[in-house]
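Here the structure is laid out as structure tokens; the discussion comes afterwards.
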Amino acid sequence: MSDLQTDNTFSNYGIYTIKDSLEFTLPNTKIRIERIGEKAFSYTRTNSEDEISEKIIPSKSNEIKIELAPIRPLNHPARRTGYVFLNFDKNIFLSKESAATIFVQCPIEIGLFLVNNSHRDSLDWITCNPEKSRFGLYGPPDSGTLCKYAVVSMAEDMDDSISYVNGILKVELENKLNSGQSINKVIFPITDNSIYYSDSKAIIDGIKVTLRKRAVVSIADVKVDPISTDWIKAPTWEDTTTTKSMEMGLE
Amino acid sequence: MGVEFLQSLAEMQIAGELTALSLLVGGIIMAVGIIIAKIAKLLFNKYYAPTLPKDTAKNFGKIIYFGIIIIAFLTFTSSQGIDFSGLLVAGGIFAIVIGFATQSVVSNLVSGIFLMMEKPAKHGDLIQLPDLSITGTLLDIGTFSSHLRKFDGTVIRVPNEKFFTSNIRSLSSSTVRRAEAMVGISYKDDIEKAISVIKKEIEITMPLVLRIPEPEFRVEELGDSSVIIQVLVWHPREDWSQVQPILLTTIKKALDSSGIEIPFPQRVLWTAKE
């Protein structure tokens with residue numbers, strides 16, 4: 001966490017105290033916050049296509065505190081779902097009654113929060129990888145689940161994320177079936193997963209995928225597997241929903 | 001004084017056994033009934049209606065209100081010993097006459113009841129009535145008519161009978177919708193290349209188009225002047241207005257930038273040599 005008292009500097013995720021001005025330069029996006037009055041600041045965001053978004057932030061004192069933190073990838077291009085559909089770039093084969101743990105690079109977005117004592121007000125959000133931020137449908141058009149969709153690569157460990165673009169998601173796979181099974185995707189409600197940050201890296205609460213039989217159908221149970229870490233928990237941008245798990249059909 | 005006044009009212013006959021006093025009592029019963037109906041409706045709207053779908057809450061509110069008023073009226077008539085048997089005969093004939101005269105009103109009322117029971121669409125749904133050429137958001141299904149807000153912001157009232165007998169196409173029942181466009185490319189251009197550039201342009205510039213299911217391309221027709229390609233893309237159901245209107249623009253931009261021709265109708269004339 002960077003609790004910096006000096007303006008004009010930006011290095012990582014964290015809380016910044018702004019007395020005069022500060023510029024965040026992120027991939028595809030530039031954000032500038034500067035004083036325009038004794039108790040007022042302006043907020044200007046410019047993206048790679050030179051689209052500008054401006055806000056005025058009135059302040060109770062002569063400084064404001066802004067927290068820059070990773071948030072769930074659910075806002076761009078529009079807030080439509082709480083589910084995420086991660087398509088692995090390589091298939092994973094699990095032999096019968098076996099287990100494995102993998103790390104994947106899950107997309108994230110960046111949230112800007114106005115810090116008011118312990119309370120965080122959502123100020124703005126951005127995505128540093130807009131071209132990869134898309135929707136996908138899991139299931140048939142009439143009854144499928146709309147998800148945020150991404151093709152994801154495997155990561156080596158929890159520290160292998162691309163700054164401001166993705167975070168590492170630990171996926172524990174367990175095959176309780178009597179035959180080997182290939183897995184190439186995982187769909188789950190990411191609203192139950194918290195995100196943590198340290199410097200410019202992010203990690204996400206893991207998921208546990210259990211392949212099992214229910215009656216005569218093979219299914220994959222997906223449940224949240226909270227991680228234990230000393231990284232800082234990012235504030236929540238959106239309201240969480242009550243969905244706790246997901247069942248996927250197996251091919 | 002008060003007792004004498006009431007006695008004088010009781011002696012004041014209006015018609016048959018109906019006295020001024022009985023009318024006063026009836027008025028009080030009806031007034032109390034209306035007040036109770038209003039309070040019951042108010043309490044229902046405050047505590048129970050928010051937990052119910054909007055249409056159901058509205059209809060339940062009406063049933064409670066008019067139900068209590070009818071009960072008050074029946075209490076009034078029974079307390080006064082009013083005999084309706086004479087009215088029944090005359091009323092029967094009267095009802096037939098009125099029935100013929102108000103056929104459409106009754107038809108709308110019955111259709112409204114069936115619509116409320118069947119619930120083909122609910123408040124806020126985007127629906128299309130192809131028979132009536134109406135598309136819009138359903139505002140409510142009332143006793144005699146339903147109201148829809150069209151895309152131009154105007155509200156249209158549709159008699160329940162027409163609404164009930166029409167085909168109803170729900171545009172909000174599934175999570176995703178499909179947008180379609182047709183484009184013609186010249187015979188000399190490569191179809192595979194045209195599809196590839198359109199697909200790439202859609203992927204880059206139309207973020208609301210779903211990656212899965214993928215955009216679909218079909219060679220629809222070998223036309224007189226061009227090869228007609230149909231482009232089908234899926235998008236979240238709320239975002240039709242941000243996908244369908246710009247789909248053709250995106251396709252044209254892609255074809256223009258890669259030099260693929262969208263031909264205009266051409267006719268080759270062969271003239272015989274004399």
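The values are calculated or read from the model by the stated rules, or taken from the named source; none is laboratory data. From a predicted model like this one, the values you see are computed outputs, not experimental measurements. Methodologically, a virtual Cβ is constructed for each residue, glycine included, from the backbone with ideal geometry; neighbour enumeration extends over all protein chains shown.
Screening region A:116-139 for residues that are aromatic (F, W, Y) and within 14 Å of another protein chain (Cβ to nearest Cβ) and picking the one that is farthest from the chain's Cα centre (by Cα) gives A:Y138.
Of all the numbered requirements in (1) free of Cβ contacts under 8 Å to residues at least 40 places away in the same chain; (2) touching a Pro at 6+ places or on another chain (Cβ under 9 Å); (3) part of a strand (DSSP E or B), A:I110 misses one, and that requirement is (1). In the set (1) within 39 Å of the chain's Cα centre (by Cα); (2) more than 14 Å from chain A (Cβ to nearest Cβ), B:E203 fails one condition alone, (2). Here A:D142 meets each of (1) assigned to a strand (DSSP E or B); (2) within 14 Å of chain B (Cβ to nearest Cβ) with one exception, condition (1). Annotation note: of A:F113, A:F103, A:F93, A:F85, the sole residue that is farther than 22 Å from B:P207 by Cβ, at pLDDT 90 or above and either more than 16 Å from the chain's Cα centre (by Cα) or within 14 Å of another protein chain (Cβ to nearest Cβ) (or both) is A:F93.
A quick yes/no check of all residues on (1) more than 22 Å from B:L139 (Cβ to Cβ); (2) of a type outside the set (S, T, N, Q); (3) touching a strand residue (DSSP E or B) at 6+ places or on another chain (Cβ under 6 Å):
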residue: B:L21; (1), (2), (3): yes, yes, no
residue: B:A37; (1), (2), (3): yes, yes, no
residue: B:L43; (1), (2), (3): yes, yes, no
residue: B:T51; (1), (2), (3): no, no, no
residue: B:K58; (1), (2), (3): no, yes, no
residue: B:Y65; (1), (2), (3): no, yes, no
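Within region A:20-39, not a single residue is touching a Pro at 6+ places or on another chain (Cβ under 8 Å), small (G, A, S) and surrounded by fewer than 15 Cβ atoms within 10 Å (Cβ to Cβ). Here B:R149, B:R157, B:R169, B:R177 are screened, and the one residue that is modelled with pLDDT of 90 or more, within 14 Å of the chain's Cα centre (by Cα) and within 14 Å of chain A (Cβ to nearest Cβ) is B:R169. Residue by residue through region B:213-261, note down the ones that are assigned to a strand (DSSP E or B), over 30 Å from the mean Cα position of the chain (by Cα) and of a type outside the set (K, R). Result: B:E216, B:F217, B:V219, B:E220, B:E221, B:L222, B:V227, B:I228, B:I229, B:Q230, B:V231. Taking region B:247-262 as the range and being surrounded by 17 or more Cβ atoms within 10 Å (Cβ to Cβ) and either closer than 18 Å to B:E192 by Cβ or of a type in the set (A, V, I, L, M, F, W, C) (or both) as the test, the residues that pass are B:L247, B:I251, B:A254, B:L255, B:I260.
So, A:P77, is that one under 24 Å from the mean Cα position of the chain (by Cα) and in a loop (DSSP other than H, G, I, E, B) or not? So A:P77 fits the description; yes.
Please specify each residue of region B:206-232 satisfying the condition of being under 25 Å from A:Y138 (Cβ atoms) and more than 14 Å from every other protein chain (Cβ to nearest Cβ). Of everything in region B:206-232, those that are under 25 Å from A:Y138 (Cβ atoms) and more than 14 Å from every other protein chain (Cβ to nearest Cβ) turn out to be B:F217, B:R218, B:V231. Do we have A:K148 as surrounded by fewer than 18 Cβ atoms within 10 Å (Cβ to Cβ), of a type in the set (K, R), in contact with a Lys or Arg (Cβ under 9 Å, 6 or more places away or on another chain) and in a strand (DSSP E or B) here? Judged against the criteria, A:K148 is not a match. Do we find a residue being at pLDDT below 75 and of a type in the set (G, A, S) anywhere in region B:20-29? No, every residue in region B:20-29 fails to be at pLDDT below 75 and of a type in the set (G, A, S). In this structure, does B:V25 turn out to be within 49 Å of the chain's Cα centre (by Cα) and either under 16 Å from B:G81 (Cβ atoms) or of a type in the set (S, T, N, Q) (or both)? Here the answer is yes, as B:V25 does meet what is asked.
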